[in-house]
Structures are given as structure tokens and as C-alpha cells.
Amino acid sequence: MRFIVLDTNCLLQALPSKSPYHKIWGDVIEGKISLCVNTDILEEYEEIIAQKSSPEIAHNVVEAIARLSTTTYQEVYMHFDLLTEDVDDNKFVDCAVASNAEYIVTNDKDFKPLEEIEWPRIAIISINKFLEQIQ
């Protein structure tokens, strides 16, 4: 099983059944991928999905993630504050560190500085490269 933190924009891209990235969501639902999340991440998922679709769809997606036995719910006790451009994205970084996630899957350039940080080491991968790996 793969353990990943999925940036909100990548989750949005993976949800539609006609999306080329839908395999990622399918693998999450089938238990092949464990999403590493916490309350802050789930709240952001729900907020952004509701803006892009509807509150009901957003609630259903977050509820599905929360109920999956393969979801890794990880409380964060240390805040590293490694990102300075969009500090709100630090919730993904801290969750990745705390859960020992394999990757943060993101296309957001604000995560790029993580590639230069030696500790804690956090692997970043684009949604395209991650999709290639799981196919």
C-alpha cells in the first residue's frame, strides 16, 4: 500500500470519473493507497470541494475518506513551518512528516523549497509522475 498526502488541487483533479487522474481516487477507494490526513486537511478538502461543486458532494467525499479503513488519520504535534510562500500548506507538510508518508502529491510550486531541505526529508511528486508510478 502507498501512503501519501494528497494536495487539495490534486484531489480535485482525481475525483471526476472522466479525469485522467481518476485512477488515484479509485485506488484510494479500493484500499491500494492510504491517504494521510488530519482534521485541518479534511476541512480544507471539504471547503474547496464545496466551492467547486456543492456542499453535499464535498461532505460525501470527506465522509468517504474518513470512513475508509485504509485512511491514515494523523494528529500533528510538531509544526515545522517549512513553507513560507503559502503557510497554509504547512498542514500537508506536517502531516506528511508525522505519518511518514511516501510523498506529498502536488503540482503546487510553493512546495518546491522542500526539495532543498535535508531534514525532515519530504518527497514531493507531481500528480502526473505519481499516476505513472501506479499504472
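Computed from the coordinates by the stated procedures, all read-outs in this text should not be read as laboratory data. Quick caveat: nothing in here was measured; it's all calculated off a predicted structure. Virtual Cβ from ideal backbone geometry, glycine too; neighbours counted across all protein chains shown.
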In the range 91-125, which trypsin sites (Lys or Arg not before Pro) fall in coil by DSSP and have 13 or fewer other Cβ atoms within 10 Å? R121
Among V105, V87, V62, the residue with the largest mean-square fluctuation in a Gaussian network model of the chain built from Cα contacts under 10 Å is V87
List the chymotrypsin sites (Phe, Trp or Tyr not before Pro) within the range 1-93 that DSSP assigns to loop and that have no more than 12 neighbouring Cβ atoms inside 10 Å. Y77
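Quick check for me: using +1 on Lys/Arg Cβ and -1 on Asp/Glu Cβ, what's the dipole size of the range 1-102 about its Cα centre, in debye to the nearest 20? Kindly include the intermediate steps, with their values, before the conclusion.
Details: 7 positive and 18 negative charges, 133 e Å.
Its charge dipole is roughly 640 debye.
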What residue among E43, E102, E116 shows peak mean-square fluctuation when the chain is described by a Gaussian network model with Cα springs under 10 Å? E116
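What's the lysine pair count for the chain at a Cα cut-off below 16 Å, pairs eight or more apart or interchain?
Working: K23/K32; K23/K129; K91/K109; K91/K112; K109/K129; K112/K129.
Total qualifying Lys-Lys pairs in the chain comes to 6.
How much mean residue ellipticity at 222 nm does the chain get from its helices, if each DSSP H run of length 4 or more adds -39500 (n - 2.57) and you divide by all residues, to the nearest 500 deg cm²/dmol?
-13000 deg cm²/dmol
On full extension of the chain, what length is gained from N100 through K18, given 0.36 nm per residue of separation minus the C-alpha to C-alpha distance? Could you put the intermediate results ahead of the total?
Working: separation 82, 0.36 × 82 = 29.52 nm, distance 3.11 nm.
Extending this stretch completely gives an extra 26.4 nm.
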